[in-house]
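Participant: Structure provided below as structure tokens; questions to follow.
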Amino acid sequence: MIQSPSKSHSAQRQGAVSLGNIVRLLVIVFFVVFFAVPLIWLLLAPTKTHDQLQTLPPLSFGTLAHVITAWQHLTTFNNAEILVWLRNSVVYSVVGDFLALATGLPAGYVMATTAFPGRKLLLNLTLVAMIVPGAALVLPLFLEFHDLHLLNTVWAVILPFGFYPFGTFLAYIYYSTSLEKGILDAARVDGCGEVRLFWDIGLPLSRNIIGLVAFFSFVGNWNNYFLPFVVLTNDQRYPLTVGLEDLLSNSAAINPGAQSNFLPIYAPEVLLAGIVTIIPIMIVLLLSQRLFARGILAGAIK
Amino acid sequence: MADEPAGRAPAPGLSQALSASAAAQTRHRRRPVPLWPYLFALPYTILLVLFALAPAAYGIVLSVLRNSNGVNTFVGIQNYIEAITFFAFPSALLHVLEYLGVWLPTLIILVLFLSLLLHARPGPIASTAKVIYYLPGALTGSPSALLWIFLLTPIVSPFGLLLHPLGFVHPADILESGYHHLPFVFAIQAFFTGAGGWILVLYGALESVSQEILEAAAIDGCSAIQQAMLIKLPLMSKYVYYMLILSFASGMQLFVEPQLFNAASTVYSSNVWSLNQVALRFAFYFAKFGVAAAIAVILLILGVIAAFIILRWTDFYSTDFT
């Protein structure tokens, strides 16, 4: 039965309060609560003191003064070195991100749209690269950088950050499922060169996947601990992950009785540090959702 | 394509020429192989070799060597034998398989379900929900470990009200009560930190489903559920298999959650609960890097086998173009 467009549209508007939509909202809200409650607890934690976290109700609000105190405790270390680490994290993550996009997108695109000898091999190797246990690569990477005289330089962090097989493979899947052959063929008929084809057609049509890959690459770099930990020895070059771990893991909050520093770092400080690391991620996520929403493939075939 | 002006034929010649040349390449190689695909893929390939293939190859070499007093000697499969016969290895393997059995189906089903649910009506609710589902996974390191210790301690946990009916009342009830519920606890933790990312990926995949197809289906009386099952789901299949492959491998390599448990728990704690923990114990406690590398290779082989079963079974690499 074919309904006229106007009838189905009003049916959709009526559907706004249908049972199906109410159930849908309930399920969504249930999971929002599941994921958000710990986040709310985290946000409220620095407003309380270490002891209050144990004695006050979990979701109670302490005072803002405690937050300021906790922040001061974090910045007493080495003249607010936490801000240096923050800057380093931004630089490493953003530059690594650009490198990952610049190398991974063309590779994913070409593997999806052209048969060439070695295509499947490259795809398989990409998959294997993602399956290799990361811990197994640490010692060999260290030795590799040592031989290349790159140890303790920013390149030892940025260059590996530029290698992002997950993003490349994601781009491959996207281009092979969502890009219509007809578009490329039509452009080739018009004499479009391959680079222009990719730049003027392939890239714009993949905006939402570019946003996704850029976001995940950024977060992967931002949260990466193992690699910078192994290759960097100068603490002024540490990203947040390494610097904070250095600061927090030996503190009284995590290792009561075994702490090796006597800084005033307790649970609220640790959790405040967690908030500091998570906020840029949230900002980048919100930005990339706005900038890269909704692919524009729909009208392109016509 | 239906809108091309009448009288102007579409370009069959070029399409046929393109596919003919591809066939000719594979059969007779009369036409030269184009250079540009290699140029597109070259920068990425260089990084792949430098940061994945070379280190992995070295890791494999390490697994057949043993180091004593700075001298490496070839020992064949001795490291592998030592790994497999280590007292905790079989139980660690069992634990990981139990964990996978609980976590993998739950993850895939719930992620698919939530992505489709959100995408049924795109809008501010869906966008906000996506961000909230994702954020817990963004927390790592000591802050994350501390958060989980609090979450799993009934009296101070914000989930206290939920834990009481389940029988967890005292502070030590989860962290100190033994091993039998560990696969479930770790599965919940892993879901909590991993689901949001995959929901973002699948939602992104859904956004590229042609709006026209969905509208046409709606006009034909297709309900939202039917649209999800019959149109969206098949178009998402390659992303789902990707999720399956990577989640299997990362599940086999479970480390963070049992390690946290080991640190937080004092009575029942094991630092060799999972295979990856066994590997790290060999590396940093026994200082036997060769055995650690052997375990890593075993994990790699298991992951690759699973990956290629899925690839074969789903004909993953065939595309419209190739």
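The values are calculated or read from the model by the stated rules, or taken from the named source; none is laboratory data. On a predicted model such as this, the values are computed, not experimentally measured, just so you know. Cβ placement follows ideal geometry from the backbone for every residue including glycine, while neighbour counts extend to all protein chains displayed. Remember, those area values only see protein heavy atoms, side chains included, never the ligands or the DNA or RNA. Shrake-Rupley method; radii C 1.70, N 1.55, O 1.52, S 1.80 Å.
Participant: Quick one: compute a quarter of the convex hull surface over the Cα atoms of the stretch A:67-165 and quote it in nm².
Facilitator: Taking the Cα atoms of the stretch A:67-165, their convex hull projects to 9.4 nm² on average.
Participant: For a quick check: with amide H placed at 1.01 Å from N, whose amide H comes under 5 Å from residue B:65's, ignoring anything fewer than 5 positions away on the same chain?
Facilitator: The answer is B:75.
Participant: Taking θ as phi - 60°, what are the ³J(HN,Hα) couplings along the stretch A:209-218 by the Karplus curve (6.51, -1.76, 1.60), each to the nearest whole Hz, with x for Gly and Pro?
Facilitator: Along the stretch A:209-218, the couplings run 6, 4, x, 5, 5, 4, 5, 5, 5, 4 Hz.
Participant: Could you give the radius of gyration (one decimal) and Dmax (whole number) of the Cα atoms in the stretch A:147-212, in Å?
Facilitator: That works out to 16.8, 51 Å for Rg and Dmax.
Participant: Here is a further query. Output needed: percent of Cα pairs per 5 Å distance bin for the stretch A:29-116, bins running from 0 to the one holding the longest distance.
Facilitator: The calculated distribution, bin by bin, is 3, 11, 11, 11, 11, 12, 12, 10, 7, 5, 4, 2, 1, 0.
Participant: Now for a separate question. Rounding to the nearest 10 and keeping the result within 0 to 90°, find how far the Cα-based axis of helix A:119-131 lies from the longest principal axis of chain A.
Facilitator: 20 degrees
Participant: Helix check for chain B. Which DSSP H runs span at least 20 Å along their own axis by Cα, with a mean Kyte-Doolittle hydropathy no less than -0.5?
Facilitator: B:12-27, B:89-120, B:182-207, B:237-252, B:289-314
Participant: Specify which residue in the list B:182, B:284, B:274 is farthest towards the positive end of the charge dipole of the stretch B:173-303, using unit charges on the beta carbon of Lys, Arg (+1) and Asp, Glu (-1), about the Cα centre.
Facilitator: The one lying farthest along the dipole's positive direction is B:284.
Participant: Another question, if that's okay. With 10 Å bins from zero, work out the P(r) of the protein assembly as shown over every alpha carbon pair and list the percent per bin.
Facilitator: 3, 14, 24, 26, 19, 10, 4, 1, 0
Participant: To the nearest 10 degrees, how steeply does helix A:64-75 sit against the main Cα axis of chain A, on a 0 to 90 scale?
Facilitator: 90 degrees
Participant: Tell me the per residue accessible area of the protein assembly as shown using a 1.4 Å probe; a whole number in Å² is fine.
Facilitator: Details: 28870 Å² over 624 residues.
It amounts to 46 Å² per residue over the protein assembly as shown.
Participant: Taking Cα atoms, how many degrees apart are the long axis of helix A:5-14 and the longest axis of chain A, rounded to 10 and kept between 0 and 90?
Facilitator: The helix A:5-14 is inclined about 20 degrees to chain A.
Participant: Please compute the average number of Cβ atoms from other chains found within 10 Å of each residue's Cβ in peptide B:52-62.
Facilitator: 6
Participant: Where in the stretch B:25-99 are there trypsin sites (Lys or Arg not before Pro) that are in a DSSP coil and have at most 16 other Cβ atoms within 10 angstrom of their Cβ? Please report the intermediate quantities before stating the final value.
Facilitator: Numbers: sites: B:27, B:29, B:30, B:66; in loops: B:29, B:30.
Hits after loop and neighbour filter: B:29, B:30.
Participant: Could you work out, residue by residue across A:169-178, how many beta carbons of other chains sit within 10 Å of that residue's beta carbon, and then give the average as an integer?
Facilitator: For this peptide, the per-residue mean of nearby foreign Cβ atoms is 5.
Participant: Moving on. Is the C-alpha gyration tensor of chain B telling us rounded, prolate or oblate? Criteria: a/c under 1.5 is rounded; beyond that, a/b larger than b/c is prolate, otherwise oblate.
Facilitator: Oblate shape, in that a/c is at least 1.5 and b/c is the bigger or equal ratio.
Participant: Turning to a different aspect of this structure: Using alpha carbon coordinates only, what is the Rg to Rh ratio of the stretch A:90-242, with Rh defined as the Kirkwood radius?
Facilitator: Answer for the stretch A:90-242: 1.04.
Participant: Specify whether the C-alpha gyration tensor of chain A places it in the rounded, prolate or oblate class, a ≥ b ≥ c being the square roots of the eigenvalues: rounded for a/c under 1.5, otherwise prolate if a/b is larger than b/c and oblate if not.
Facilitator: oblate
Participant: Compute for chains B and A the buried accessible surface, both sides summed, probe 1.4 Å, and express it in Å² to the nearest 100.
Facilitator: Heavy-atom accessible area buried at this interface is about 9900 Å².
Participant: While we're on this one: Kindly identify the stretch B:172-318 as rounded, prolate or oblate by the Cα gyration tensor criterion: order the square roots of the eigenvalues as a ≥ b ≥ c, call it rounded if a/c is under 1.5, otherwise compare a/b with b/c, prolate if a/b is larger, else oblate.
Facilitator: oblate
Participant: On the protein heavy atoms, probe 1.4 angstrom, tell me the percent of accessible surface of chain B carried by carbon and sulfur.
Facilitator: Working: 10530 of 15340 Å².
That fraction is 69 percent.
Participant: Filter the cross-link list A:181/B:130; A:120/B:232; B:130/B:238 down to pairs whose alpha-carbon distance in this structure exceeds 24 Å.
Facilitator: Over 24 Å Cα-Cα: A:181/B:130; A:120/B:232.
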